[in-house]
Amino acid sequence: MDELGLGYHETMETHEILNFKTDCLLKSKMVMGICFDNDLKKLLEKDVEQSIQAIQQLKELYKKAKTLS
């Protein structure tokens with residue numbers, strides 16, 4: 001197996017994690033808009049920042065994915 005690439009199962013798992021993190025990001029942003037508690041809002045803002053970083057890292061990893069060609 002190529003050390004620099006992902007296997008087919010790793011590609012699928014990376015895709016699933018990317019979808020999950022994107023869903024979590026959208027939910028946090030949505031709840032942030034209706035949240036009135038400042039402490040909770042700060043936690044949600046931190047979650048949004050961390051989710052954006054994680055998504056960017058996953059997208060870089062996903063670029064190494066194998067395709068069925």
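Extending 7 Å from the Cα toward the beta-carbon at both Glu45 and Cys24 defines two label points whose distance is 2.0 nm.
With helices as the sole contributors, the chain gives -27000 deg cm²/dmol at 222 nm; each DSSP H run of n ≥ 4 counts as -39500 (n - 2.57), and the sum is divided by every residue. Excluding Lys21 itself, calculate the net charge of residues whose Cβ lies under 12 Å from the Cβ of Lys21, where each Lys or Arg counts +1 and each Asp or Glu counts -1. Around Lys21, the charge tally is -1. Pairs of lysine in the chain with Cα under 25 Å and at least 8 positions apart or on different chains: total? For the chain, qualifying lysine pairs total 17. Computed from the C-beta positions of Gln56 and Cys35 and an R0 of 22 Å, the FRET efficiency is 0.35 to the nearest 0.05.
Computed from phi, the 3J(HN,Hα) profile of region 8-21 under the Karplus parametrisation 6.51, -1.76, 1.60 (θ = phi - 60°) reads 4, 5, 5, 5, 5, 5, 5, 4, 5, 5, 4, 4, 5, 5 Hz, with x in place of Gly and Pro. 3J(HN,Hα) couplings calculated from phi for region 50-65 with the Karplus curve 6.51 cos²θ - 1.76 cosθ + 1.60 (θ = phi - 60°) are, in sequence order, 5, 5, 4, 4, 5, 5, 5, 5, 5, 5, 5, 5, 5, 5, 8, 5 Hz; Gly and Pro show x.
The accessible surface of region 1-54, taken with every protein chain in place and a 1.4 Å probe, is 60 percent carbon and sulfur. Simple rule: put +1 on each Lys or Arg Cβ and -1 on each Asp or Glu Cβ in the chain, find the dipole, and look at Met30, Leu40, His15; the Cα lying farthest toward the positive end is Met30. Who wins for biggest fluctuation among Asp39, Asp23, Asp47 in a Gaussian network model of the chain, springs between alpha carbons below 10 Å? The residue with the greatest mean-square fluctuation here is Asp39.
The values are calculated or read from the model by the stated rules, or taken from the named source; none is laboratory data. Note that the coordinates shown come from a computational prediction; the quantities given were computed from them, not determined experimentally. Because the Cβ atoms are built from the backbone with ideal geometry, glycine has one as well, and the counts that use them run over all protein chains shown. Side chains included, ligands, DNA and RNA excluded: accessible areas come from the protein's heavy atoms. Shrake-Rupley method; radii C 1.70, N 1.55, O 1.52, S 1.80 Å.
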